[in-house]
1. Which of Ala332, Leu261, Leu185 sits closest to the plus end of the dipole of region 122-340, meaning its Cα is farthest towards the positive end, when Lys and Arg get +1 and Asp and Glu get -1 on the C-beta?
2. Net charge around Lys217, counting only other residues with Cβ within less than 11 Å of its Cβ (Lys, Arg = +1; Asp, Glu = -1)?
3. Accessible area per residue for region 1-113 in Å², computed with a 1.4 Å probe and the full protein assembly in place, what is it?
4. Just grab the label-to-label distance for Gln280 and Arg128, each label 7 Å out from Cα along the Cβ direction, in nm (one decimal).
5. I'd like to check one number: the per residue accessible area of region 223-299, probe 1.4 Å, reported in Å² as a whole number.
6. Please turn the phi angles of region 225-242 into ³J(HN,Hα) values with the Karplus equation 6.51 cos²θ - 1.76 cosθ + 1.60 (θ = phi - 60°), one per residue in order, whole Hz, x for glycine and proline.
7. Using a 1.4 angstrom probe and counting only protein chains, how large is the accessible area of Met1 in Å², to 10?
8. Quote the FRET efficiency, to the nearest 0.05, computed for His335 versus Glu69 with a Förster distance R0 of 45 Å and r equal to the Cβ-Cβ distance.
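The values are calculated or read from the model by the stated rules, or taken from the named source; none is laboratory data. Just so it is clear, the structure is predicted and the values come from calculations on it, not from any experiment. Heads up, the Cβs are rebuilt from the backbone with ideal geometry, glycines too, and the neighbour counts pull from every protein chain shown. Please note that ligands, DNA and RNA were not included when accessible areas were found on the heavy atoms of the full protein model with its side chains. Shrake-Rupley method; radii C 1.70, N 1.55, O 1.52, S 1.80 Å.
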Amino acid sequence: MKIEKIERIACRLPLKQPFVTSYGQLTEKAFDLYLVTAEDGTVGIGELVAFEQPDYIEETLFSARQVIETALIPLLIDQEIEHPQEVWQLFQTVQGNYMAKSALETAIWDLYGKQTHQSVKELYTATRPSVAVGVSIGIQDSVEKLMALVAAYVAQGYQRIKLKIKPGQDMAPLRAIRQAFPELLLMADANGAYQSEPERILALDDLGLVMIEQPLKVRDLVGHSQLQRQMKTPLCLDEDIRTAEDVDTVAALDSCRAINLKIPRVGGITEALRILDRCQTHGLLVWLGGMFESGVGRAMNLQFASQDIFHFPGDLSASDRYFYDDVITQPATLHKGKLLVPDGEGFGITLAETKLSQYGQSKERIYSRKRSAKE
Ligand code: OSB
Ligand code: MG
């Protein structure tokens, strides 16, 4: 295929509840959809999930837009792409900017699936028709409110609960959940907030947590290794994992026992597949994380998480746990703690035009092979 045209739709979906983490709060999810058209007219869709603020990782929605336009699209121009895995190679001269890369790379996977009349899921080995999923809960004002939320999610069938924590809002809420639900798969995510007080993480070691995610700040792999050595609870790294080589590094240092894999944080599906391989080689548990994706990124995540190698429920919840509404015609819904994996061509989703006009700005053409090409 050759790329004929690339368009962007900037969207915003309001969140049902503000999501509070150790570093900030999110009330609305802004994201872009990239529509990549091949010369035969087939359109692939990719989601840019970067946040507006560089608080989770350094990339932002705005920096990614710029990198897409000025650095990544020029690398695709006039290239004959036989398989989406080649895009990874084409993008190698651009450092970092993984979410920007992922928005285009995943659109090309969707496009390739549609051109070859198969689901992207069929391009993976051994997949399941539905996946067990979990829910990630933000920091709450009170333990009472938190307990009501947890009880509701458990009743809905969510198979794992992850709680965001920060120093001072950790032991009490986690202990309350543990006491009420002794058997629950329970974990905590610190987003790096315990750099100056790692002893507070040690204090959580007896709660029977399945893992603690990113307790120390990003790039402190030695610190994570020292902490892991003092604990029985597995540590999990999120922000620290961008490439397959990072997985080799954390395995060599014994910085963690698990990896939260997010396709956009590692630059797309090709790198995510390499990471799965390395996790298997090193015996690290790997599960799929989320970035408050719209229905587009969620469908891609569901197809990826349907691979047999995943056996731990990810941060992949039904659309209605985040949003009042979505931009696709059939948003993911929960059935007995599982989400059905879309199996139509490409990522198996259709954009809902009426919703796009409600939550998105008008389509903006950011690249066209023939400058004068008609729509
Ligand atoms: O650290 O995993 C994280 C959401 C936004 C940014 C970072 C993280 C998260 C989540 C929720 O934990 C993931 C989701 O349910 O989409
Ligand atoms: Mg995390």
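1. Checking the options against the dipole of region 122-340, the answer is Leu185.
2. Numbers: positive: Arg219; negative: Asp220, Glu239, Asp240.
So the surrounding residues net to -2.
3. Spelled out: the 1.4 Å probe surface of region 1-113, per residue, equals 37 Å².
4. 1.7 nm
5. On the way: 2120 Å² over 77 residues.
Ligands and nucleic acids excluded, the result is 27 Å² per residue.
6. 5, 4, 5, 4, 5, 8, 10, 8, 5, x, 8, 10, 10, 10, 3, 6, 9, 10
7. 20 Å²
8. Rounded to the nearest 0.05, the efficiency is 0.65.
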